[in-house]
Amino acid sequence: MRLLLLLKQAVLLAGASTATQADILLSDAEIAQTLQHGPWPQVAQTDPSNRFSGNPNAIALGQTLFHETSLSLSGDLSCATCHQPEQDFTDGRARGLGKALLKRNTQSLWNMDQFRWFGWSGDTDSLWAQSITPLFHSDEMAHSPQSLHGLMLGHATREQIETLTGPLDTVSPEENAANLGKIIAAYVETQRSGQTSFDRFRDALAVDDLATAANYPKDAQRGLQLFLGEGRCSFCHSGPNFSNSEFHDAGVPYFLAEGGVDEGRHAGILALQSSPFTLNSAYSDDPEKTGAWAVRNVRFNHANFGMFRVPSLRRVMHTAPYMHDGSLPDIAAVLDHYNTIDMERLHSDGEAILRPLNMSQDQLDDLAAFLATLSDDG
Amino acid sequence: MKTLCISGAVALSASMALACSDQSGLVLTANDEAAPVAFVTDITPPASVPFDVTLTLCGTASAEVTFDAIMPAHQHGMNYAVDVRQVTEGTFHMENIVFHMPGLWELQFDVKIDEARYSYRGEMMVP
């Protein structure tokens with residue numbers, strides 16, 4: 001009798017195990033690929049090029065400065081005017097609006113410590129250098145190093161700043177700008193997105209916990225399979241941050257409606273190479289110049305024209321509109337773009353990665369379901 | 001592309017001979033039967049994260065070495081030049097290689113030894 005009971009339990013357990021395995025649609029190869037997209041969150045590391053990175057006083061002051069409209073020459077724009085924290089650090093507009101309509105979509109500021117380059121065209125190689133850029137852009141905060149230095153000498157936060165930097169009247173205007181950028185960056189780099197249902201699925205697969213993994217919806221699993229395979233998305237949207245932090249031509253027009261072109265990475269490399277604020281410069285606080293190899297060794301290629309940095313897909317459902325020019329209003333439009341991509345628009349001598357996906361509506365829905373699981377961290 | 005030139009004939013050292021008797025790395029394919037045996041550190045490169053490899057040229061004291069890599073399936077190369085430096089006789093270190101996409105990459109080495117020029121190829125898979 002007891003033997004029969006044990007036999008029945010064994011049969012039931014075997015049945016449960018089979019059912020659980022059947023709930024996982026991914027092949028072993030796809031599981032191996034999936035594991036490359038984690039773990040998440042990544043271990044937070046301080047930026048060695050920014051001596052204020054991780055400093056609680058700098059983080060608090062950086063948050064204040066981030067919202068400080070007096071940092072613009074006109075007194076009515078702050079970082080938060082475009083990078084609105086309550087809108088996932090975006091503004092919901094196709095293209096940013098400063099003192100004039102800007103060329104590009106306002107990017108979110110999540111997980112910035114995961115990137116090698118900053119901005120759509122990688123004009124900068126550190127978050128602190130990127131934080132300086134809008135301060136001096138003529139259509140944004142419109143300061144010069146000298147006017148910004150003069151402003152800060154009489155600013156309400158001067159005492160707090162000097163606690164971190166030393167006397168403001170003994171530093172050059174450029175060093176003052178670098179210090180402000182570093183204080184703002186100390187705050188921005190703390191904005192890290194949380195664990196999503198995809199991450200829980202990935203972590204369960206990593207330890208062979210199929211019962212937990214089976215909670216991940218089937219449509220998202222099918223979408224993940226398309227993302228890794230037929231969709232070819234993971235070539236560029238790779239790693240735990242779903243971005244390889246490099247530049248690609250996604251087939252989005254680079255002509256501006258008002259005339260002219262947005263040269264993308266081509267202009268970004270030129271800006272980078274003429275910038276005084278790089279990881280290879282004296283303004284970096286890192287004596288080892290960690291990461292400076294990138295600005296020293298970056299290649300200037302013909303194909304850089306019209307390339308833009310691959311955005312992260314974390315919290316992607318909250319950061320519409322999409323692409324460098326904000327021309328695609330929602331995820332459905334983005335998927336349709338890749339499904340019917342115009343091959344005539346791509347460089348003839350460029351990368352041979354993109355081609356029309358020709359997916360069915362069900363497949364596109366599955367891809368959208370997968371992307372939603374990168375955005376459900378609350 | 002950066003090239004390091006170490007000039008002058010140097011006798012084969014015992015340490016280099018030892019390195020070539022233990023070819024535990026990825027052996028490269030040469031374009032010429034006369035080319036010295038060459039191999040590199042056999043690793044699985046990370047996607048879009050800088051990594052280093054060491055090239056060993058057996059029986060070679062000095063050489064000019066240049067390195068590049070392409071992704072044949074996608075018809076693109078690397079976004080960065082690679083620093084090459086000789087570390088000992090016959091061994092060369094390539095720093096900050098970035099394979100920015102998962103998939104198969106082809107390693108390409110051009111080597112000049114005295115007046116002879118050789119090309120080597122190898123493959124690495126980025127997961």
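The values are calculated or read from the model by the stated rules, or taken from the named source; none is laboratory data. This one's a predicted model, so the numbers in the text were calculated from it and none came from an experiment. With ideal geometry, Cβ positions are generated from the backbone for all residues, glycine too; neighbour counts draw on all protein chains shown.
Tabulated values for the structure
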read-out: From the options A:266, A:237, residue that is within 14 Å of another protein chain (Cβ to nearest Cβ) and either without any contact (Cβ under 8 Å) to a residue 12 or more places away in the chain or outside any helix (DSSP H, G or I) (or both); value: A:237
read-out: So residue A:192, is it more than 14 Å from every other protein chain (Cβ to nearest Cβ), over 28 Å from residue A:277 (Cα atoms) and in contact (Cβ under 8 Å) with a residue 60 or more places away in the chain; value: no
read-out: Residues located in the range B:20-45, provided they are within 14 Å of chain A (Cβ to nearest Cβ) and touching a Phe, Trp or Tyr at 6+ places or on another chain (Cβ under 8 Å); value: B:45
read-out: Residue A:284 in a loop (DSSP other than H, G, I, E, B), more than 14 Å from chain B (Cβ to nearest Cβ) and either touching a Phe, Trp or Tyr at 6+ places or on another chain (Cβ under 7 Å) or crowded, with 20+ Cβ neighbours inside 10 Å (or both); value: yes
read-out: Residue list for the range B:46-62, filter: part of a loop (DSSP other than H, G, I, E, B) and either within 12 Å of chain A (Cβ to nearest Cβ) or at positive phi (or both); value: B:46, B:47, B:48, B:49, B:50, B:59
read-out: Residues within the range A:269-281 that are among the hydrophobic types (A, V, I, L, M, F, W, C) and assigned to a helix (DSSP H, G or I), tallied; value: 4
read-out: Count of residues meeting criterion [within 11 Å of chain A (Cβ to nearest Cβ) and part of a loop (DSSP other than H, G, I, E, B)] in the range B:63-94; value: 8
read-out: Yes/no for residue B:90 being modelled with pLDDT under 95 and within 18 Å of residue B:42 (Cβ to Cβ); value: yes
read-out: Number of the exception - residue B:56 against (1) among the hydroxyl-bearing types (Ser, Thr, Tyr); (2) touching a Ser or Thr at 6+ places or on another chain (Cβ under 8 Å); (3) within 28 Å of residue A:244 (Cβ to Cβ); value: (3)
read-out: Qualifying residue in the range A:124-136 (condition: part of a loop (DSSP other than H, G, I, E, B), in contact (Cβ under 8 Å) with a residue 24 or more places away in the chain, surrounded by fewer than 22 Cβ atoms within 10 Å (Cβ to Cβ) and not small (Gly, Ala, Ser)); value: no
read-out: Residue match in the range A:61-68 (condition: among the acidic types (Asp, Glu) and surrounded by fewer than 21 Cβ atoms within 10 Å (Cβ to Cβ)); value: yes
read-out: Residue match in the range A:309-318 (condition: at pLDDT 95 or above, surrounded by fewer than 19 Cβ atoms within 10 Å (Cβ to Cβ), over 30 Å from residue B:83 (Cβ atoms) and more than 14 Å from every other protein chain (Cβ to nearest Cβ)); value: yes
read-out: When residues of the range A:287-308 are limited to those that are farther than 20 Å from residue B:48 by Cβ and modelled with pLDDT of 95 or more, the one farthest from the other protein chains (Cβ to nearest Cβ); value: A:287
read-out: Enumerated helices (runs of 4 or more DSSP H) restricted to the range A:7-103, each holding at least 1 residues that are away from chain B (no Cβ under 14 Å), in contact with a Ser or Thr (Cβ under 9 Å, 6 or more places away or on another chain) and at pLDDT 95 or above; value: A:56-66, A:79-82
read-out: Candidates A:246, A:174 - the one that is acidic (Asp, Glu) and more than 14 Å from chain B (Cβ to nearest Cβ); value: A:174
read-out: Members of the range A:294-317 that are under 23 Å from residue A:45 (Cβ atoms) and under 21 Å from the mean Cα position of the chain (by Cα); value: A:294, A:295, A:298, A:309, A:310, A:311, A:312, A:313, A:314, A:315
read-out: Members of the range A:152-175 found to be more than 31 Å from the chain's Cα centre (by Cα), assigned to a helix (DSSP H, G or I) and closer than 22 Å to residue A:69 by Cβ, listed by number; value: A:153, A:158, A:159, A:162, A:168
